[in-house]
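The values are calculated or read from the model by the stated rules, or taken from the named source; none is laboratory data. Note that this is a predicted model, so its numbers are computed, not measured. Counting neighbours? That spans all protein chains shown, and the Cβs are built from the backbone with ideal geometry, glycine included.
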Amino acid sequence: MAISLARQRILTSIHPHYKVKNGNGNGLSTSANPGNGFIYKTVPHITLKSIAQNVGLDSIFAKHQPILDEKLKALNQALAQVTPELRQRLTYKLLEKEKREGKKAITDADRRRWNLPKEAWQEWEVPFDTEAEWPESLKSALLAYRQTWRAKMDEVNACIAANAEPEELVDQPEVVKGVVRVAGPFTVEAVMPAEENLESPIGGEPDDLETFTESPVSEIPPENEPANVEAYLDTMLRLIRADGVRFPNNKVLQFSRLEPFQGEYLHAEGEWETEAGTTHRVAVSFGPQFGPVTAYQVEAVLPIAARRGFDDVIFAGFSFDGAAQAIIQDDPNPKIRCHLAHIRPDVNMGNLLKETPSSQLFTVFGSPRTQLKGPNAAGEYTIEMEGVDIYNPVDNVILPTNADKVAAWFLDTDYDGRTFCITQAFFPDRSAWDKLSRALKGVIDEARFEALRGTTSLPFIPGKYQRVAVKVIDPRGNEVMSIHRIGKNYVSTDGGK
């Protein structure tokens, strides 16, 4: 779900366009000359050395100092007119703030405004702002002095910046106004993990280093954490027996009986009772602690469940690979209902897991409702995605979810039965595309936008394996998949017919 959400955000977001070196007049790259990097914002690199060796500052100081001396003299003449009563009130205001808020609350600006000197201000003592109780002559004199001082400092800063070497801010490329960028075609690749089974439920972790203690830390399992197959299965049985299996609309089926089953892939058998009063025999198969439920596990469980007359089979795992979902979908036995129950990742937190009567640790998700249409005159097919179906054994009904509730759906037009490679991607959430449309200010092809957020795939020609896979992100965030075979003779994953 995280990857699907990231895809949607990238596809439906806009990004600024940056100026490039050696581009056209507007800083845009051309097909013949794609540019040699961005044009970055530059700032002067000011150092103490550049200031000390800047001879242009001498003339600025010589120009402004006589004017500043004259303004300071007028300011001190206005200061001499301040009455002793006003000085006392300002001093009392300073002491009150210090008493009320502490010495640390008194700022340098407060001292300059309220602690007036007895005779005159020095250049480094002149306040930066006025006080409301000052006489108007003193306020005017301070404003005149600060205006002159600011004019001097502006020239000083400009001279320093002009003589400093420019430095590029590589995190601030210049933006081309009126041009936006949108995402182009991209894929998300990953390394296929090794298939695991319950013989190695805690595999995939690095080996612990040897220590000099008599009892290495690696030999002491954390409290409440499964250390082997038996402990892992005992934990899963305890949790599913207590929490049950949650179906749509928050309906839960609790086991009236659930006992361990001595089998390699079938781990528990029991019963539950529906609201209609019928009792169903249920088999449970758990996936690895750190790995998906695999096709091999599903193929091993289904014949056993059929021979022993189970009505329902629960495959509970932290994830499910596409081949496992395809096999469950293609199971020809209509008497056995297979349910894929997602185990909440918190279960692997050990004693940090918060267990309540409604923890929702095992949640069933369904299968996509899709249709293969075609071929047309050109031999092309299309897929229509209608939503997601979830079987509810509590009421013995199929609950459909409309296509507009689907977060995303993807297409692999040449599925090999093992690796799902996205060839087409669609995001029916219209609100995200509407935001992008508004950002582009209507300069878009509405037909292409409708295709990206639609429920009908683009036409495609079948590939080598003559098999199409559809992966849908259901409203709960689970990835569910359906397979369509094109024709009777399709190439299998091992190259046979």
Inset, instruction - Can you give me the number of residues within the stretch 272-315 that are touching a Lys or Arg at 6+ places or on another chain (Cβ under 9 Å), over 29 Å from ASN348 (Cα atoms) and in a helix (DSSP H, G or I)? - result: 1
Inset, instruction - Look at the stretch 330-348 and say how many of its residues are modelled with pLDDT of 70 or more and loosely packed, with under 15 Cβ neighbours inside 10 Å. - result: 3
Inset, instruction - For the stretch 9-35, name all the residues that are farther than 14 Å from VAL180 by Cα and modelled with pLDDT under 70. - result: GLY23, ASN24, GLY25, THR30, SER31, ALA32, ASN33, PRO34, GLY35
Inset, instruction - Please indicate, with yes or no, whether at least one residue in the stretch 155-174 is assigned to a loop (DSSP other than H, G, I, E, B) and in contact with a His (Cβ under 7 Å, 6 or more places away or on another chain). - result: yes
Inset, instruction - Answer yes or no as to whether LYS118 is at pLDDT below 90 and in a loop (DSSP other than H, G, I, E, B). - result: yes
Inset, instruction - Could you list all residues from the stretch 229-240 that are surrounded by 16 or more Cβ atoms within 10 Å (Cβ to Cβ) and either farther than 17 Å from ASN348 by Cα or modelled with pLDDT under 85 (or both)? - result: VAL229
Inset, instruction - Go through (1) surrounded by fewer than 19 Cβ atoms within 10 Å (Cβ to Cβ); (2) modelled with pLDDT of 90 or more one by one and return the number of the condition PHE315 breaks. - result: (1)
Legend entry - Subset of the stretch 253-264 [touching a residue at least 24 places away in the same chain (Cβ under 8 Å) and either outside the structural domain of ARG281 (by TED's automatic domain parsing) or within 21 Å of PHE365 (Cα to Cα) (or both)]: LEU253, PHE255
Legend entry - For ASP414: the one exception among (1) assigned to a loop (DSSP other than H, G, I, E, B); (2) modelled with pLDDT under 75: (2)
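Okay, residues lined up against (1) free of Cβ contacts under 8 Å to residues at least 12 places away in the same chain; (2) within 30 Å of LYS93 (Cβ to Cβ); (3) assigned by TED's automatic domain parsing to the domain that holds SER59:
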site: GLN122; (1), (2), (3): yes, yes, yes
site: PRO127; (1), (2), (3): no, yes, yes
site: ALA132; (1), (2), (3): yes, yes, yes
site: SER137; (1), (2), (3): no, yes, yes
site: GLN147; (1), (2), (3): yes, yes, yes
site: ARG150; (1), (2), (3): yes, yes, yes
site: ILE160; (1), (2), (3): no, no, yes
site: GLN172; (1), (2), (3): no, no, no
site: VAL179; (1), (2), (3): no, no, no
Legend entry - Test: LYS97 is basic (Lys, Arg), part of a loop (DSSP other than H, G, I, E, B) and in the same structural domain as THR148 (by TED's automatic domain parsing): no
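Per-residue answers, yes or no, for (1) in contact (Cβ under 8 Å) with a residue 12 or more places away in the chain; (2) closer than 17 Å to PHE362 by Cβ; (3) more than 40 Å from the chain's Cα centre (by Cα):
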position	(1), (2), (3)
ASP243	yes, yes, no
GLY277	no, no, yes
VAL284	yes, yes, no
GLY287	yes, yes, no
PHE290	yes, no, no
PRO303	no, no, yes
Legend entry - Residues being in contact with a Pro (Cβ under 8 Å, 6 or more places away or on another chain) and either outside any helix (DSSP H, G or I) or at positive phi (or both) - total across the stretch 35-94: 10
Inset, instruction - Please give the number of the condition GLU165 fails out of (1) among the acidic types (Asp, Glu); (2) under 30 Å from SER50 (Cβ atoms); (3) modelled with pLDDT of 90 or more. - result: (3)
Inset, instruction - Enumerate the pairs (first residue in the stretch 58-73 and of a type in the set (Phe, Trp, Tyr); second residue anywhere and at pLDDT 90 or above) with beta-carbon separation below 7 Å, excluding pairs fewer than 6 apart on the same chain, so at least 6 apart or on different chains. - result: none
